[in-house]
Amino acid sequence: MEKKVKDFFSARNIAYLAVLSALVIVLQLWGSAIQIGLAGLNLSFVLIPITLGAIILGPFAGLILGFIFGFVVLMTGVTGTNFFTAYVLNDSPFFTVITVLLKGMIAGFTAGVLFRLVSKKNKYAAVFIASAVVPLLNTGIFILGALCMSGSLNSFVASYMPDFVGRNIMYIIIVGFVTVNFFIEFAINLICAPALNIVNNAVEKQFVKKYKKHKLTNNSQPEKEEI
């Protein structure tokens, strides 16, 4: 166990994790400014670095990046940047915090586990499965959390979505809060994450190749004779 932890926190992994964490923060803050859907929800471009982290670094990295994603979303609610998150956070703080944190963490961790399992048979299939499971779980857990705070959603609908007043809560969640966001996020992640993973693999191979060549050249140089 201690060896696995030590291996995870290698210089390479820490560098990757730092870059991906920065991307999560920047993309979520940027995405918060782009509102879509009837409820004015935001696109989760951060699903891309979470997926990449799960693929490149493993389940634990997916978990960490998912937590950072959730934390940033909560902060946009606390500061009022994300109106919907701010509303439900004020009206139903416990379920909002649990839902926002868990959906990214579970999605990232599960993607990493599935990638490792499937990649033993087919790496290309593993990449696409990991890319698909992140938006699926992110949205699925949001739906479960939304059902737990149905009272808050009904209040939100009564104030800001009059066309949905009197509708079944599941209809409100699926049509009003999920559908548009999910399909756009799913398409973006399924296209971008595998493409960026291919680019990363190509760059890493070139870097390793150059490093080995440089090391071989240095080792092949004859040592200077001492006088």
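The values are calculated or read from the model by the stated rules, or taken from the named source; none is laboratory data. Values in this document were obtained by computation on a predicted structure and should not be read as measured data. Virtual Cβ from ideal backbone geometry, glycine too; neighbours counted across all protein chains shown.
A few comments on the model shown:
- Selection within the range 150-169 - farther than 14 Å from residue 84 by Cα, part of a helix (DSSP H, G or I) and among the β-branched types (Val, Ile, Thr): 169
- Filtered residue count, the range 61-89, keeping only those that are at pLDDT below 95, of a type outside the set (A, V, I, L, M) and assigned to a helix (DSSP H, G or I): 7
- Among the conditions (1) surrounded by fewer than 21 Cβ atoms within 10 Å (Cβ to Cβ); (2) β-branched (Val, Ile, Thr); (3) under 19 Å from the mean Cα position of the chain (by Cα); (4) at pLDDT 95 or above, residue 180 misses just one, which is (4).
- Considered as a group, the residues in the range 66-81 that are of a type in the set (A, V, I, L, M), in contact with a helix residue (DSSP H, G or I) (Cβ under 8 Å, 6 or more places away or on another chain) and surrounded by fewer than 21 Cβ atoms within 10 Å (Cβ to Cβ) include one that is farthest from residue 17 (Cα to Cα), and that residue is 78.
- In the range 169-197, the residues that are closer than 26 Å to residue 23 by Cβ form Cβ pairs under 7 Å with partners that are assigned to a helix (DSSP H, G or I) and hydroxyl-bearing (Ser, Thr, Tyr), at six or more places apart or across chains, as follows: 178/139; 182/139; 189/51; 189/131; 190/131; 193/51; 193/131; 194/131.
- Among residues that are over 28 Å from residue 167 (Cβ atoms), at pLDDT 95 or above and within 17 Å of the chain's Cα centre (by Cα), residue 118 is not included.
- Test: residue 100 is under 18 Å from residue 31 (Cβ atoms) and either surrounded by fewer than 20 Cβ atoms within 10 Å (Cβ to Cβ) or under 17 Å from the mean Cα position of the chain (by Cα) (or both): yes
- Filter result (touching a residue at least 12 places away in the same chain (Cβ under 8 Å), hydroxyl-bearing (Ser, Thr, Tyr) and farther than 20 Å from residue 196 by Cβ) within the range 112-164: 139, 150, 152, 155, 160
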